[in-house]
């Protein structure tokens, strides 16, 4: 009998098929969802969608049967993106369940549950009770040899019907962002063989019978295939963007869009093939949503934008400059959705490319964010690299994980060092965030993983050299691998031969900024340096005070 605590997580269900998640378990979860969520909320119907994974149709049908056995009706919307399911839940005001494991390998599947109006169901909002009741049903069935569930007290089975909402979903999103009068854009879209291949033709093209937009869409991996034959459908990992980056440059496109497996997240690449950070997209969309709210009659001083603790400092700065109110929250969609609803925020964004909208029931939709970016680009004569630069104010490290035995001691070491660098501001909203109050500007956040012995580090600074310095100092302290920690306030030490010998963990994360290839140690004319391993590039970067300075302007060209 599967132990549901092993794969019913904080925000969703995600397990291996069929060892953990199978039709028997799905049916029990369906009945439990109906009894814990739908019936107490007074819902007479539940809406169910599923992604392109081979196991999804069978599992979703079993879940629907479990719901129907309580007397509640079920509407199956069929193949859908997660935000399409949220649309159905919001527009129909029904609780829902989406069968997907996002970008996980093919042997996995899962369930994202929501209450009516696309309100999330997590561990603290019903998922733990759903899990416990489903486990009881499974245990009783195993003991008694009885069926997992029976009909409701009146003996009535709920009706299971099918309804296609794709065209309604596409029309609704288009009603929120008008692209009709914009300049024509050439757009490469990488669906990663996920549900973007289902929704993009409907929203950005004419697949749902809607009018043609001023877009030329160049499809990449639109074939629905839950085995992900081309690359993992997780654009957060740089290697999964390479095909899109190459195609954008080769096709002379204006922009590239990449969706994850269930198409609720969207990543953006500019005309040069360079990624635009989710923080920059958050700031860009926030500016548009603030303007939209004000045009609709909202007082700008009451307009709120939610962001998490590790989005760029540029986000709250830009929101404040526009007269609106930034609201900072913990990392994780359950926290940001709760804050969105509590603050009645018009928009929220995360570093992971989840984007939330008041006009979308405070739920996340990568497609609506993509429409905003396309509209902003289409309204401007400037290329995306120029448009995006206005929102990319600082240099960021991205999230770096470290396996640490004593996470508290490691964090204390980093905190003690930070306090020695001059005036700092410290908060513990989510992990520990340290912000340097002097010049140059820098901040870092250290958060512990809830499930693994990991510390997650994010660093941002006024420039790349400062960011690299702070990143490497803090990483060395967290991993106890730096024999000496340079003082950020002191003058840079002169290069030495020893400084060129970097720790293995640092070697793994450093890449040439020009071509993203690995770097090797060498001794150059001025001392130790890091040299790009690509023969076509070969740029050499100086090491100053034991810190690699990965700036193209300071790099030595190959002879």
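Structure data summary
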read-out	value
Subset of the stretch 419-444 (residues that are surrounded by 16 or more Cβ atoms within 10 Å (Cβ to Cβ) and modelled with pLDDT of 95 or more)	424, 430, 431, 432, 433, 434, 435, 436, 441, 442, 443, 444
Some residue of the stretch 173-182 being at pLDDT below 95, in a loop (DSSP other than H, G, I, E, B) and either outside the structural domain of residue 86 (by TED's automatic domain parsing) or under 28 Å from residue 30 (Cα atoms) (or both)	yes
Number of the exception - residue 1 against (1) closer than 20 Å to residue 136 by Cα; (2) in a loop (DSSP other than H, G, I, E, B); (3) modelled with pLDDT of 95 or more	(3)
One residue from 260, 225 being more than 21 Å from residue 365 (Cβ to Cβ), assigned by TED's automatic domain parsing to the domain that holds residue 376 and in contact (Cβ under 8 Å) with a residue 24 or more places away in the chain	225
Test result for residue 62, on the phi < 0 side of the Ramachandran plot and in a loop (DSSP other than H, G, I, E, B)	no
One residue from 548, 528 being in contact with a helix residue (DSSP H, G or I) (Cβ under 7 Å, 6 or more places away or on another chain), modelled with pLDDT of 75 or more and buried (at least 18 other Cβ atoms within 10 Å of the Cβ)	528
Test: residue in the stretch 184-194 that is surrounded by fewer than 18 Cβ atoms within 10 Å (Cβ to Cβ), in contact with a helix residue (DSSP H, G or I) (Cβ under 7 Å, 6 or more places away or on another chain) and closer than 28 Å to residue 118 by Cα	no
Verdict on residue 333 being modelled with pLDDT under 95, in contact with a helix residue (DSSP H, G or I) (Cβ under 6 Å, 6 or more places away or on another chain) and surrounded by fewer than 24 Cβ atoms within 10 Å (Cβ to Cβ)	no
Candidate set from the stretch 27-54 (those that are outside any strand (DSSP E or B) and free of Cβ contacts under 8 Å to residues at least 60 places away in the same chain); member that is nearest to residue 164 (Cα to Cα)	44
Residue in the stretch 316-329 that is in a strand (DSSP E or B), under 14 Å from the mean Cα position of the chain (by Cα) and touching a residue at least 12 places away in the same chain (Cβ under 8 Å) present	no
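Conditions tested, residue by residue: (1) assigned by TED's automatic domain parsing to the domain that holds residue 332; (2) buried (at least 19 other Cβ atoms within 10 Å of the Cβ); (3) modelled with pLDDT of 95 or more; (4) in contact with a strand residue (DSSP E or B) (Cβ under 6 Å, 6 or more places away or on another chain).
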site: 18; (1), (2), (3), (4): no, no, yes, no
site: 38; (1), (2), (3), (4): no, yes, yes, yes
site: 47; (1), (2), (3), (4): no, yes, yes, yes
site: 51; (1), (2), (3), (4): no, yes, yes, no
site: 54; (1), (2), (3), (4): no, no, yes, no
site: 69; (1), (2), (3), (4): no, yes, yes, no
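Each row is one residue, and each column tells you yes or no for (1) buried (at least 22 other Cβ atoms within 10 Å of the Cβ); (2) in contact with a strand residue (DSSP E or B) (Cβ under 9 Å, 6 or more places away or on another chain).
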position	(1), (2)
239	no, no
242	no, no
253	yes, yes
256	yes, yes
259	yes, yes
264	yes, yes
273	no, yes
280	yes, yes
290	yes, yes
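The values are calculated or read from the model by the stated rules, or taken from the named source; none is laboratory data. For clarity, every value in this text was computed on a predicted model and none was experimentally measured. So basically every Cβ, Gly included, is an ideal-geometry build from the backbone, and we count neighbours across all protein chains shown.
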